[in-house]
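What follows is one structure encoded as structure tokens, with my remarks underneath.
The values are calculated or read from the model by the stated rules, or taken from the named source; none is laboratory data. A quick note: this is a predicted structure, and the numbers were derived from the prediction, not measured. Methodologically, a virtual Cβ is constructed for each residue, glycine included, from the backbone with ideal geometry; neighbour enumeration extends over all protein chains shown. The area values use the complete protein model at the heavy-atom level, side chains included, leaving out ligands, DNA and RNA. Shrake-Rupley method; radii C 1.70, N 1.55, O 1.52, S 1.80 Å.
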Amino acid sequence: MKPAERLSQLKPSPIRAITDGTPPGAIPLGLGEPTWDLPEVGRKALLRDPGPCAYVPHVGLTELRKAVAAFHNAHLDEVLITTGSQGALFSLFQAWVNPGTQVLMPDPGFVAYPALARMAGAEPVTYRLSPDRFRLDADELIRVLEATPDASAVILNLPSNPTGGGGDLTALKRVADACTARGVLLISDEVYRDLHFGVRAPSLRDVTDRGVVTSSVSKGWGAPGLRVGWAVGDPAWLAPARVVHGYAVTGTATPAQWAALALIEHSDTVLAEARAAVQLRWEALAAALREELGQVVAPPDGTFYHFMPLPPSAHADPLAFCLKLRDEAKVVLIPGLAFGEGGRGHARLSFAATPEQLREGVRRLAPYWKN
Ligand SMILES: Cc1ncc(COP(=O)(O)O)c(C=O)c1O
């Protein structure tokens, strides 16, 4: 049996290759998901509908679209509800990315981007982030865009998975203008934007209403299992993506949309509590790194990821090093190389884990950095 030709370069997520073999008793600092409870307002809303559990319009529940529109300062017709933000990315790529074209994406970057481009028959082309803190470097991105005349889409991710790096308004505006001038679809993946440490990363919507922002309740609102996300942008970009999403999944689960609505309506408290949870965990991690390893670290621009420099001896084979950490030290980290060559010298540590897990995890890791 042979799967479809266009999937020939598609491999299972390298993150799963590490996490699937997690031994018993290991501390999970690998997966990127909140470990705090689903806020009560969301839990209650899951059960709000008596009677039939009906389909809702393909484009999403009107009440939820209104709430998302208000959150992003957009009009109702600029909002498409999707199955996670990944459903939005998949649908946009299928709708706008032609086979044989290229999609520009960050390196290091979220593992799904190259896979989504390949599923659309396109080639992933990477742009580097700034060498100091992995922030958006407009010069570099525009240089790659100019060298890629058949590019059909560009994806940004501020703050970034896996690095936590953000970008500034001027850089964002320059990239937006360059994409608009070339008629290239610019997607800004802002799924971590509300998990910041005092300064919120700029949104694409601060500089233009021409591109598309994708986000979801998975990170800031602490509800990845609801699978509710959205695309916000020019209705002309959204229209064919809505058709793709409709045929792919019909729509997002109705109870999940009600729960997402309740979470977004309570954004002031839900997001503030999530930031407090992340801040607490960051402080536990930073203290442990200082005490165990003598490392003084600054918080990321956003996310719950610490992109941890690897000891130089691990650079040749970071996967082997992280497998050793997993199986001997019993701590799961993701090698930065899983996110692209630009991540070779780092590992992603998810500090969404509990403070106790973070303290114990760093204690177990320390000997491997000292030797
Ligand atoms: C950068 C980034 N974008 C998108 C997603 C997809 O998230 P979801 O489909 O849950 O919204 C993730 C999930 O980890 C992510 O890290």
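Things worth noting here:
- Most fluctuating residue given options Pro124, Pro312, Pro14, as computed from a GNM of the chain linking Cα atoms under 10 Å: Pro312
- Spatially, segment 56-103 and segment 335-371 are offset by 34 Å when compared through their Cα centroids.
- For segment 51-266, the Kirkwood estimate of the hydrodynamic radius, built from every pair of different alpha carbons, is 17.2 Å.
- Label point distance in nm, Lys66-Ser313, each placed 7 Å from Cα along Cα→Cβ: 6.3
- Cut-off 15 Å between beta-carbons: net charge of the residues surrounding Arg193, Lys and Arg +1, Asp and Glu -1: -1
- Once the chain from Tyr55 to Glu33 is taken as fully extended at 0.36 nm per residue, the excess over their C-alpha distance is 5.1 nm.
- Expected 222 nm ellipticity per residue - DSSP helices of 4 or more, -39500 (n - 2.57), all of the chain, to 500: -12000 deg cm²/dmol
- Straight-line reach from Lys219: taking Cα to Cα under 21 Å and skipping same-chain neighbours fewer than 8 places apart, the lysines in range are Lys44, Lys66.
- Stretched out straight at 0.36 nm per residue, the stretch from Asn98 to Ala287 would grow longer than its current Cα-Cα span by 63.2 nm.
- Within segment 264-371, the ratio Rg/Rh, alpha carbon atoms throughout and Rh by Kirkwood, equals 1.01.
- Rounded to whole Hz, the Karplus (6.51, -1.76, 1.60) HN-Hα couplings of segment 100-107, x for glycine and proline: x, 8, 10, 10, 8, 8, x, 10
- Remark: segment 326-332, residue by residue, has Karplus-estimated 3J(HN,Hα) of 5, 8, 9, 7, 6, 9, 9 Hz, where x stands for each Gly or Pro and the curve is 6.51 cos²θ - 1.76 cosθ + 1.60 at θ = phi - 60°.
- Over the chain, volume per residue of the alpha carbon convex hull, in Å³: 148
- Loop-resident sites, segment 1-108, for trypsin sites (Lys or Arg not before Pro), counting at most 15 other Cβ within 10 Å (DSSP): Arg48
- Average accessible surface for the chain: 43 Å² per residue, computed with a 1.4 Å probe over protein heavy atoms with every protein chain in place.
- Here the chain carries DSSP beta bridges of which approximately 50% are antiparallel, counting only pairs with both residues inside.
- Expressed as a whole percent, the accessible surface of the chain that belongs to carbon and sulfur atoms is 54, based on a 1.4 Å probe.
- Along the chain, longest interval not containing exposed chymotrypsin sites (Phe, Trp or Tyr not before Pro), exposed being DSSP loop plus at most 16 other Cβ atoms within 10 Å: 56-371
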